[in-house]
1. Within the range A:513-550, report the trypsin sites (Lys or Arg not before Pro) that DSSP leaves as loop and that have at most 15 other Cβ atoms within 10 Å.
2. Listed highest first by mean packing, meaning other Cβ atoms within 10 Å per residue, what order do A:590-601, A:550-561 come in?
3. Can you give the mean number of other chain Cβ atoms that lie within 10 Å of the Cβ atoms in peptide A:554-565?
4. Which of these, B:TYR228, B:TYR59, B:TYR99, has the largest mean-square fluctuation under a Gaussian network model of chain B (Cα springs below 10 Å)?
5. Determine the calculated [θ] at 222 nm for chain A from helices alone, applying -39500 (n - 2.57) to every DSSP H run no shorter than 4 residues and normalising by the residue count; nearest 500 deg cm²/dmol.
6. Is there a simple number for the mean count of other chain Cβ atoms within 10 Å of the Cβ of residues in A:411-418, and what is it?
7. If amide hydrogens are placed 1.01 Å from N in the peptide plane, which non-local residues have theirs closer than 5 Å to the one on B:VAL52?
8. What does the average come to when, for each residue of peptide A:271-281, you count the partner chain Cβ atoms lying within 10 Å of its Cβ?
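Please treat every number below as a calculation from the coordinates, not as lab data. What you see is a predicted model; the values in this text were computed from it and never measured. Here Cβ is always computed from backbone atoms with ideal geometry, including for glycine, and neighbour counts include all displayed protein chains.
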Amino acid sequence: MDTLFISLAVLLTGGVLPLLLHRQFKLMKAGAIFVTTVGCLIGLATLFPVLQDTGPPAFSLSWLHVLTLSCKIDSLSAFFLVPIFLICPLAALYGFHYLEKREESGRIAVNYCFFSLLLLSMVLVVCANSPITFALAWEIMSLSSFFLVVYEFQKKETRSAGYLYFVFAQAGAMCIFAAFGLIFSYTGSFSFDSIDQLPAQAKLVVFSLALIGFGSKAGIFPLHIWLPHAHPAAPSHISAIMSGVMIKMGIYGILRFYILLADTSLIFGQTILIAGMVSGILGVVYALGKHDIKRLLAYHSVENIGIILIGAGLGMIGVSTGSPVMAAFGFAGSLLHVLNHSIFKSLLFMGAGAVLQKTKTRHVDELGGLGKRMPITGKTFLIGSVSISGLPPFNGFISEFLIYFAAFHGLVSTGLTFILASLAIVSLAVIGGLAAACFTKVVGIVFLGEPRSARAARAVEVGWTMTAPMVFLAVLCLVIGVWPQPFVRLAFLGLRDIAAILPIQPGIEAELVGNLAFASRLFLALLAAITIFRKLLYIKKEVGAGPTWGCGFTQPTVRMQYTGTSYARSMVEFFQPFVKIRTVYSGIRKIFPGQTTYETRVNDIAEIGMHQYLVHPLVKILERLRWIQHGHIQLYIAYIVLTIVVLLLFI
Amino acid sequence: MESIVSFAIALLVAPLFPGVINKVKAFVAGKQGPPLLMKYYTLVKLFRKGSVYSTSSSYIFKMGPTVSFAASIMVLLFIPMAGTGAVFSFYGDVIVLFYIMGIGRFFTIAAALDTASPFEGMGAAREAFFSTLAEATIFTVLIIFFRLNGSLSFADYFYGAQAISLAGPGGALLILVIVAMFMVLLTENSRVPVDDPQTHLELTMIHEVMILDHSGPDLALIELAAFYKLFFYCTFITHLLLPSSLAGGLENGLLFYCVLTVMYIAVGITESTMARFKMNLVPKYILTSFTLVFFAAILTMGFVQ
């Protein structure tokens, strides 16, 4: 535990340092990156003893005499610390070339400071062992990430995205605090230890509140609305951290509450599983419909959170139905997907950031042919895309396979569990197919073909501090795919301290993962052999170059290429009415047609629904209370006094 | 050893069977048709040629054929054929293999988009969409198979005493599975009524339009990969039709290839008697197959306790 605090102290120094050094632009950035990296490495080093020993290290401190701040690292916390300490230094390094406006030096220093605070608070969230500690860390996390999102606050779009995020973060936090309050009213103690004593109905309410609160952070459909707004607004390395690491804190919260409540009713698992399937499928469908590359990636986070929840839900159902294999594999797949998603999603956001920096546009239909102009970004983005589509021999497949395995083991029961397990399998298959479709779209439209605009044609490769993290993450994707054993073991170690999961027959997972590794290597070997075979076939052959076959048309232009919009159209239409497509077409009315416009956009039903049924009525009601806000300060003070007096009556 | 020989035979004879389809189609149309070995002649011709690459394309364009070819060979390594076991097999390999086919498709689509041709993009979009829907059917079939014999590998499905077949327990359900898998076969291998391999209009194609720009040995690899994929799907259904416990050895192998030929003839007859669907009817067609197997999956709750 002490070493973890050393790491936290170093990280905090890394946050304060840039504020002092902001006049030396390069030194400030390099210093912040160096100190953050050192802090994260120390943090990673503390995890090894935790994962090997059995007893979790704990720490507690009395604060303001009544509130106890206490921390504990059990195996689940340790597992969630891995992506935090792994991804954050890479994102910090990426920021070196990404934030390169010298005149904004002060703002960049503040950005680094909040970055450190976010990192610090995420570590505290997963280590927190009492409601107060948790709430404190959770709020610091939400606030620091809010300030990171509004980095480009001059833009109106960014400010409104930041506001939306703020509202969601605080509304979610309110639900979580309500859950804590409910717990306190039953147990009367500020501790996590006695939560399992709650009566069954209270547990259900606490879990529902926690699900809404953490769900809005994680981005479960329909609470995901802030994600597609905040991610495009934030700087790309911040999006990488938020999407790759921070939203996983929501998942951590759900899992932690599930463990603390120690309730094995089926309803928990079923709820989580259904939420996962809905988020998974609709997330990827909306991703297909969106053509802003960062917004699209944000929707893919919703999809991947769905996959993680499918795994967790299957695990919970496994616990309830007494199937240890299903429980262990469901949770392990879910945890491994947390790690995998943090790797490939941050890789993809970094790639998107590189494209954005060089072309100044996020719209896929204005890009094209970047693979030739930005070779490293193109190749690493391709690897990230294959990984996120869950295709072997990359890492996404390993975790999805574990979840499939859990789902298939759920098929032995009958009734609702059977139906849910089947639906989980089918939705995983459909999500996989649609994700592959969506990422062939991104790779194909952005990186392949011919550039669709002059800006795309002028793009060049980004600086080394941006490519280096991408290369590292891409290699990691392949390594986990080809040598999955240590990583799967890590995921199973993460489950060690969860009492509800009964031990499975030793060796099942080792054998299975060994076979997966064999299949990955066999495929790579086959691919290598065939590549050599193809090379041999082309020895002494005439190889020419020419324009693409235009099917008889001799005057092709780059504007004729298939666009992302047309590529995804039929798939998105298929999912109506869960997706609203709005088309504005001015039409051709005259014999000699003038200028016409055609615009089509895919609207989020959650957004429409929330606006129509929640925000609108709420504003209507609150409008009547406008008279309370009159601007007379003395009356405001009177309100405060009155409130205190009324509250005193209750004591 | 036997299984490796069987695998090698399959690799060699797979291009023969599309010739059978063409013969059947020619017969129904009252024509003589191309010789049975036509596909071999084409392959030899393509392997001897050079290639022309589009100036728009990059390394992805050259990876497309290799990855899809590797994927189709990988799948054949794991499925038992002609009364012999699979070359490799492990618990859970079916999931891996359907995903391996997925990566083959990913690179075929990416290669198509790499040419910057609007037609190829159109084909790519259709391929991505239809195969996603077909995936739902395939995984539901796996659910049924898991309920029937509790395994997750092709070797356990189709080889040995526990093999799944029409004659075994739960055979009635397999009728639905066979029909649905035949529909998926036609979809995944770009046959009529989903796609027409013989069409001449690029706008209406799916698979053929995606490979318009490939030439020479690259095209040969793609063609071979397509033959192997079709062979895999036909083998899949053939195993369901074959009774599992028969005299071993050569008879089994011969019987397997006879039934397999019948499968290809069935594809040929379907192609001769049906017109292709309008593009917007294809999703409905694929979902019909999904409905069939999902119904069968629910029935397993009653059939298999």
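1. Working: sites: A:ARG521, A:ARG534, A:LYS535, A:LYS540, A:LYS541; in loops: A:LYS540, A:LYS541.
Filter output for the range A:513-550: A:LYS540, A:LYS541.
2. Working: A:590-601: 8.4, A:550-561: 12.9.
Top of the packing list down: A:550-561, A:590-601.
3. Values: counts 0, 0, 4, 0, 2, 1, 5, 8, 12, 2, 2, 0.
If you average over the peptide's residues, the count of other-chain Cβ atoms is 3.
4. The residue with the greatest mean-square fluctuation here is B:TYR59.
5. Numbers: 25 runs with 447 residues, N = 651.
Result for chain A, helices only: -23000 deg cm²/dmol.
6. Values: counts 9, 4, 1, 5, 1, 0, 0, 6.
For peptide A:411-418, the averaged partner shielding equals 3.
7. Residues meeting the criterion, in which the H sits 1.01 Å from N, are A:GLY544, B:SER215.
8. Values: counts 0, 0, 0, 0, 0, 0, 0, 0, 0, 0, 0.
That works out to 0 on average.
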